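Here's the structure, in structure tokens; my notes come after.
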Amino acid sequence: MALQVHGKTALVTGAGSGICLVFTKLLLSHGCNVVIADLGLRPDAELVVHGEASQGAKAAFIKTDVTDWTELRAAFDFAIERFGSLDIVCPGAALFEPSWSNFWRLSDSADNETTSSFKTIDINITHPIRATQLAIDSFIRQKLGHGVVVIVSSIAAQLAFLPTPMYAASKHAMSGFTRSLADLEPKLNIRVNAVAPGCVRTPLWTQEKMILFNDEIDSWVSVEKVAQVMLDLIQNKENVGGTVLEVGVDKVRAVAQLNDPGPQGKGHTLTGLVDGTFEVYGTIAEQFGK
């Protein structure tokens, strides 16, 4: 099943900025309506929502906390009410383990006994799983005969990141989740697949995270390239359900389920991981055991 996006409607969470905003712009340029579900919009996203139609397609925004299941379902209802149908879902909202929801910040984290949760896990794992569940339900109830979910994984799904272990765990989960739903395409014509980018400069890369990246050695993968691969995951018949595509600076490849050699080429290194590891042990000394 390869779905041409022209004349279709997509719901994209986390599209107020970053990769998913660029993906939204690309969908619009191909005549696909887009509903952005996010907590807010950055100025460039505001321009997209309030701009003129592109190829006959429009963007709309609904304020959404993706960890609130009532609000997440409301985004689905809004998309269908606004545009008449919903064909594509991309649950792209994510955290790169910020200091306020970080495994190593035990004493000053927003994740505590009162919340009984890890926000990074809520957003990076529970939200895309719930959104995919809602998407499958929506596709079948609409009797579309098709449907696509594009998951945002990462090369972190194949690597170990001591500074951000919950982020790495979440991306391992997303690649496994995607592969587990591969059989939906031949049985129900519903495609679920994932993009696994290397290092992409987005707002998730806060100043505190830049210690991991060395501009003289490491390379950024362009946001535009990642967005194009996400579009290919929808439209290319070869990208069957369960496909996970790794995106580097100069290479795109399918990640094998078993015995994969690991991330390859430029855009997949973080030279500063050594410094980041030292910082972790400093944090342990500062916070644990108090």
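What to note about this one:
- Among the candidates Ser99, Ser116, Ser138, the residue that is among the hydroxyl-bearing types (Ser, Thr, Tyr) and in contact with a Lys or Arg (Cβ under 8 Å, 6 or more places away or on another chain) is uniquely Ser99.
- Ala256 being among the hydrophobic types (A, V, I, L, M, F, W, C), modelled with pLDDT under 95 and surrounded by fewer than 16 Cβ atoms within 10 Å (Cβ to Cβ): no
- Qualifying residues in the range 195-215 (those that are under 17 Å from the mean Cα position of the chain (by Cα) and not in a loop (DSSP other than H, G, I, E, B)) - the one surrounded by the fewest Cβ atoms within 10 Å (Cβ to Cβ): Pro197
- Number of positions in the range 75-116 that are over 20 Å from Lys209 (Cβ atoms) and either of a type in the set (Lys, Arg) or surrounded by 16 or more Cβ atoms within 10 Å (Cβ to Cβ) (or both): 13
- Failed item, numbered, when Gly267 is tested on (1) in contact with a Leu (Cβ under 9 Å, 6 or more places away or on another chain); (2) touching a residue at least 12 places away in the same chain (Cβ under 8 Å): (1)
- Cβ-Cβ under 8 Å pairs, at least 6 apart or on other chains, the range 196-223 side closer than 15 Å to Phe96 by Cβ and in contact (Cβ under 8 Å) with a residue 40 or more places away in the chain, far side assigned to a loop (DSSP other than H, G, I, E, B) and of a type in the set (Asp, Glu): Cys199/Asp218
- Within the range 225-242, residues that are more than 15 Å from Val12 (Cα to Cα) reach partners that are among the acidic types (Asp, Glu) and assigned to a loop (DSSP other than H, G, I, E, B) with beta carbons closer than 9 Å, at six or more positions or on different chains, in the pairs Asp232/Glu238; Gly241/Asp183; Gly242/Asp183.
- Among the residues of the range 68-115, those that are among the basic types (Lys, Arg) and at pLDDT 95 or above comprise Arg73, Arg82.
- One residue from Pro163, Pro91 being touching a residue at least 60 places away in the same chain (Cβ under 8 Å) and more than 13 Å from the chain's Cα centre (by Cα): Pro163
- The residues of the range 48-78 that are over 21 Å from Thr202 (Cα atoms) and acidic (Asp, Glu), listed by number, are Glu52, Asp68, Glu71, Asp77.
- Among the candidates Ile19, Ile36, residue that is farther than 22 Å from Ile190 by Cα and not in a loop (DSSP other than H, G, I, E, B): Ile19
- Scan the range 1-16 for residues that are assigned to a loop (DSSP other than H, G, I, E, B) and touching a strand residue (DSSP E or B) at 6+ places or on another chain (Cβ under 9 Å) and the total you get is 10.
- Within the range 20-47, tally of residues that are hydrophobic (A, V, I, L, M, F, W, C), farther than 20 Å from Arg201 by Cα and either touching a Pro at 6+ places or on another chain (Cβ under 7 Å) or surrounded by fewer than 22 Cβ atoms within 10 Å (Cβ to Cβ) (or both): 2
- Residue list for the range 49-108, restricted to those being farther than 25 Å from Ala168 by Cβ and in a loop (DSSP other than H, G, I, E, B): Gly51, Glu52, Ala53, Gln55, Gly56, Lys58, Thr64, Asp68, Gly84, Ser85, Leu86, Asp87
- Test: Leu270 is at pLDDT below 95, in contact with a helix residue (DSSP H, G or I) (Cβ under 9 Å, 6 or more places away or on another chain), closer than 28 Å to Ala15 by Cβ and of a type in the set (A, V, I, L, M): yes
- For Gly176, the stated conditions do not hold, so it cannot be described as of a type in the set (Gly, Ala, Ser) and surrounded by 18 or more Cβ atoms within 10 Å (Cβ to Cβ).
- Leading residue by the ranking (nearest to Glu185 (Cα to Cα)) among those in the range 216-265 that are among the β-branched types (Val, Ile, Thr) and not in a loop (DSSP other than H, G, I, E, B): Ile234
The values are calculated or read from the model by the stated rules, or taken from the named source; none is laboratory data. Worth saying up front: this structure is predicted, and the values here are computed from it rather than measured. In this analysis, Cβ positions are derived from the backbone assuming ideal geometry, glycine residues included, and neighbour counts consider all displayed protein chains.
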